[in-house]
1. In this structure, does Gly48 turn out to be among the small types (Gly, Ala, Ser) and without any contact (Cβ under 8 Å) to a residue 24 or more places away in the chain?
2. Which ones in region 124-148 are in a strand (DSSP E or B) and either surrounded by fewer than 24 Cβ atoms within 10 Å (Cβ to Cβ) or free of Cβ contacts under 8 Å to residues at least 24 places away in the same chain (or both)?
3. Let me spell it out: the conditions are (1) in a helix (DSSP H, G or I); (2) out of contact with any Ser or Thr (no Cβ under 9 Å at 6 or more places or on another chain), and Thr31 meets all of them except one. Which number is the exception?
4. Kindly indicate the residue of region 72-97 that is crowded, with 23+ Cβ neighbours inside 10 Å and more than 26 Å from Arg372 (Cβ to Cβ) and also modelled with the lowest pLDDT among those meeting that condition.
5. Would you tally the residues in region 50-71 being open to solvent by 40 Å² or more (accessible area, probe 1.4 Å) and out of contact with any strand residue (DSSP E or B) (no Cβ under 9 Å at 6 or more places or on another chain)?
6. Here is a check on your reading of the model: is Leu154 hydrophobic (A, V, I, L, M, F, W, C), at pLDDT 95 or above and crowded, with 23+ Cβ neighbours inside 10 Å?
7. Return yes when Ala255 is surrounded by 17 or more Cβ atoms within 10 Å (Cβ to Cβ), in contact (Cβ under 8 Å) with a residue 40 or more places away in the chain and of a type in the set (A, V, I, L, M, F, W, C) and no when it is not.
8. Which pairs turn up if I take residues in region 339-355 that are more than 16 Å from Ile313 (Cα to Cα) and look for partners that are of a type in the set (Lys, Arg) and surrounded by 20 or more Cβ atoms within 10 Å (Cβ to Cβ) with beta carbon separation below 6 Å, at least 6 apart in sequence or on another chain?
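The values are calculated or read from the model by the stated rules, or taken from the named source; none is laboratory data. It should be emphasised that the depicted structure is a prediction, and the values quoted were computed from it without experimental measurement. Because the Cβ atoms are built from the backbone with ideal geometry, glycine has one as well, and the counts that use them run over all protein chains shown. To get the accessible areas, we keep the full protein, side chains included, count just its heavy atoms, and leave off ligands, DNA and RNA. Shrake-Rupley method; radii C 1.70, N 1.55, O 1.52, S 1.80 Å.
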Amino acid sequence: MEHVTDHRLTTDHIIDQEQDLQDWAQASTTTVPATGDPQATAAQAIVGADGLVVIVGPAGTGKTTTIARAVTELHRQQRPVVGLAPSGKAADVLATEAGCESFTLASFLQRHTDASRSSVWPAGTTVVLDEAAMTRTDDLHRLVTLVGENRWRLVAVGDPAQLGAVGRGGVFAHWAATVAHHELVSPRRFTEPWEAEARIALRAGDPKVAETYAAHHRLRTTHPALLAARIAREATADLASGLDIAITTKTADTARAINQAIQNARPSDLTEVVELADGTTARAGDRVATRRNRPDLTTTGGESVRNRHTWTIQAINADGALTIDHPARGSVVLPADYVASNVELGWAVTGYGNQGETVDIAYAILEPGTNRSDAYVALTRGRHANYAFIPDPTGTLDPAEHLAQTISHTPEHDSALATHRALVRTHLSHQQPEPVGRQRPATEPPARPAPPEHGPPALSL
């Protein structure tokens, strides 16, 4: 009898689409040198001629620096380059830190939906896709189709151990496991050498690393009812000292509770408030997060308002509009209707809001449901220190044991093709040998399904 969890469901179209991407990737990559500085070698590959360059950049290993180094050389050679990312926040990082014209992947694909419009990027353009592990497979398929049609090059950069796509994904992780790729191995973000090493073990899911965090007093337990107030005390002290912080939660409810506790802990004699989309209120001086892209709202620094950007409120206007500011992006006025629908308090956010951030001090809330990817992202944002806070309703929890269990909980975001191949291997390994004297036909994996009658065409690159 088969257990229900033995079944994995997909469609011919999905397998066919992912197989097209896999075939193209294998035909478009070349061997990666085994020696040399990985960052320099990866930068050289970005400037090279391969149709696809895959770069795995674990947390804190300088992937943006690597991209920036290559972009500078591409510009020197007068070769066109464009940056893409699944989120506007990541696209802005590419634009400001890597120095290349950058767009969200969605907007880039949208401007190429009309087949009659020629692209403004000529043949030979290097397309850099950052946070590639977060890219939905349908979007990646469309991008690779455009790469082939326009004779561009694709550089896919990401970390399959961090948070995956919202929707069907996993192709970048499969590429990282099956095709030639560069891996940035030296952590450069962390002040403490032990934390740089712990990041490697955390990413690999080694449960013994929990004892390392415990030995350095980075694990703390507290009753769920006291969690928000405790985080607020520590966070407000850091903020008052001029430190930049990141607080990462699993759920929006926990983030909201912590945000309100921080708001209440900060001294203020202001009485004017504005209602926000998450059911909270805000006043001047509060940190807020915008939750919808608005390219028509442009800051004094020329930046668009993006989903998951954080800001400080400078003033509340009479009609409920907000004047907000960010040191790097400038200031902008958010209309009252946008504030009411798309603005939240922003000191604490869920994982997708903090992935890609680098701050001084990071707080990771390891609440129920947190998996390895969540913990890995949350515990690698801080340069100087990363702390884990664990809700403990009984007062008997061993924090190191809890962290070990958390990082043993691996999220399932493999591609359909990777899952299919794993199931085939498992099936073949469990088959019993035939009795001596009986001839057994050779066993082969199931044949690839025929292309579907409908859906996107196969890549012809």
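1. Taking the combined requirement at face value, the residue satisfies it.
2. Once the filter is applied, which keeps residues that are in a strand (DSSP E or B) and either surrounded by fewer than 24 Cβ atoms within 10 Å (Cβ to Cβ) or free of Cβ contacts under 8 Å to residues at least 24 places away in the same chain (or both), region 124-148 yields Thr126, Val127.
3. The number of the failed condition is (1).
4. Per the stated criteria, the residue is Gly88.
5. Within region 50-71, residues that are open to solvent by 40 Å² or more (accessible area, probe 1.4 Å) and out of contact with any strand residue (DSSP E or B) (no Cβ under 9 Å at 6 or more places or on another chain) number 2.
6. yes
7. Yes, satisfied.
8. Here the result reads Gly353/Arg308; Asn354/Arg381, each pair linking region 339-355 to a residue that is of a type in the set (Lys, Arg) and surrounded by 20 or more Cβ atoms within 10 Å (Cβ to Cβ).
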